[in-house]
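Remarks on the structure that follows.
The values are calculated or read from the model by the stated rules, or taken from the named source; none is laboratory data. A quick note: this is a predicted structure, and the numbers were derived from the prediction, not measured. Cβ placement follows ideal geometry from the backbone for every residue including glycine, while neighbour counts extend to all protein chains displayed. Calculation scope for accessible area: heavy atoms of the full protein, side chains included, ligands and nucleic acids excluded. Shrake-Rupley method; radii C 1.70, N 1.55, O 1.52, S 1.80 Å.
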Amino acid sequence: MTTFVDRVELHVAAGSGGHGCASVHREKFKPLGGPDGGNGGRGGDVILTVDQSVTTLIDYHHSPHRKATNGKPGEGGNRSGKDGQDLVLVVPDGTVVLDKAGNVLADLVGHGTSFVAAQGGRGGLGNAALASARRKAPGFALLGEPGDFQDVVLELKTVADVALVGYPSAGKSSLISVLSAAKPKIADYPFTTLVPNLGVVTAGSTVYTIADVPGLIPGASQGRGLGLEFLRHVERCSVLVHVLDTATLESDRDPLSDLDMIEEELRQYGGLDNRPRVVVLNKIDVPDGKDLAEMVRPELEARGFRVFEASAVAHMGLKELSFALAEFVAKARAAKPKEEATRIVIRPKAVDEAGFTVTLEEDGLYRVRGEKPERWVRQTDFNNDEAVGYLADRLNRLGVEAALMKAGARGGDGVAIGPEDNAVVFDWEPSVTAGAEMLGRRGEDHRFEAPRPATTRRRDKQAERDEATQEFEGFEPF
């Protein structure tokens, strides 16, 4: 059964926004109480957050489809819909978020670091929010915007200061078990370690983490063995430690050839040339191993490596090794630039910036792309003529109609708003008539202009009294 997963494909969907409500206030003696439709709630986001207590991506391996909740629709009485709940997905420290093409979207390092993988949709406005001095009684509301849907790839790169690399059964697991409190699986057969193991080492005042990477073999950078699957775990390490087996029973192997092979695989993988190297000649507790270590040590030092002889079984040379690694880690930490507080830079858009583009495609179709036009189209109920007229007014005020004329569009030409896979296509006319205009200006209700019946009766009675008063004033006594 799989217990460690460091690469998954995750399908995330944010919540859609709730629809706005088109409602008219109704109360006794108030037949025209005005619009009171509430706004729809916002859809929930899908957020990836680092939690250092999590060490694997196995949860998303078994259930890769995750969705946030939708916003609730608005209701009458100016009651807005409830916002959808954000879906927070915890990931291990060192998780890299990529898209399907392999582009890095976020590198999540540090407890609490978060990234919004899918943005929730906006809630639609109710007719109460759409009312104005000119549009006193809108008979429509805006629809909620659909939430984002995205396929992302999560890759875990272990966050450690020191990485132990070497052939299978070179003794890496034994070293990390005696240098730290880690308890990896140890056995006398190749590929005992199937997952990276992490341990914490204290050397004087320096505390650092050490990772045991599964054994590398020739061709690991091309996918042989377990190398390619776990080579990414050494990318964040400050120091690489070559663990060489001086007591191997294979006749075609020796410490120098093992070192050359591992270095070649690291070179082909790329990005690790600037990391300092340390060589550990392991298993010197074996008589032949001690002799071989003394033979190859001058050659390794001549190559510029700092060499240590050690034995995990006999606990030989471990103190010197741990303090030497602490020195390398301290130097690497000191060389890192200090983290500065994130500066918030506000770049307002120019007042005369259109915010959309109009392009003529090969098939003669004019395509409008822009954040506002596409959002307005998504939020329009095309079954409501008044809503369509409202959309036409908004596009006209934004300058879309003028831009189409400038691009050479004529009446009857096809116009598409949105991307190719999800666009609204219509035959464009410079003056859009939705039908509601025949009754007056869009959104207006002439019933508001007409006096109410009670008011009419009072005016009629007052007029009768005024007329009777005038007749009495004109009467002459005998």
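Amide H contacts under 5 Å for Gln85: Gly44, Thr69, restricted to partners 5 or more places along the chain or on a different chain, H placed in the peptide plane at 1.01 Å from N.
The spacing between the stretch 351-423 and the stretch 55-75, judged by their C-alpha centroids, is 34 Å. Run a plain Debye calculation on the stretch 251-395 (Cα atoms as equal point scatterers, no solvent) and give log10 I(q)/I(0) at q = 0.13, 0.16, 0.20 Å⁻¹, rounded to two decimals, same order as the q list. Each listed q maps to, in turn, -0.79, -1.05, -1.28.
Taking θ as phi - 60° and the Karplus parameters 6.51, -1.76 and 1.60, the scalar couplings of the stretch 294-300 work out to 5, 6, 8, 4, x, 5, 5 Hz in sequence order, x denoting glycine and proline. Neighbours of Ala106 by Cβ distance under 12 Å: Lys/Arg scored +1, Asp/Glu scored -1, total -3. Amide hydrogen proximity for Val90: with H placed 1.01 Å from N in the peptide plane, the residues at 5 or more positions away or on another chain lying under 5 Å are Thr49. With θ taken as phi - 60° and the Karplus curve 6.51 cos²θ - 1.76 cosθ + 1.60 applied, the whole-hertz 3J(HN,Hα) list for the stretch 403-420 is 5, 5, 4, 5, 7, x, 6, 10, x, x, 5, x, 10, 10, 10, x, x, 5 Hz, x standing for glycine and proline. Heavy-atom accessible area, probed at 1.4 angstrom with all protein chains present, ranks Thr202, Thr209, Thr359 as Thr202, Thr359, Thr209, highest first. Ligands, DNA and RNA are left out, and with a 1.4 angstrom probe the accessible area of the stretch 52-93 is 63 Å² per residue. Gain on full extension, evaluated as 0.36 nm per residue between Thr357 and Ala334 minus their Cα-Cα distance, stands at 3.4 nm.
Per residue, the average separation of C-alpha pairs within less than 8 Å and at least 6 apart gives the stretch 360-418 a relative contact order of 59 percent.
Using the empirical formula 2.2 N^0.38 Å as the baseline, the Cα radius of gyration of the stretch 1-102 reaches a ratio of 1.64.
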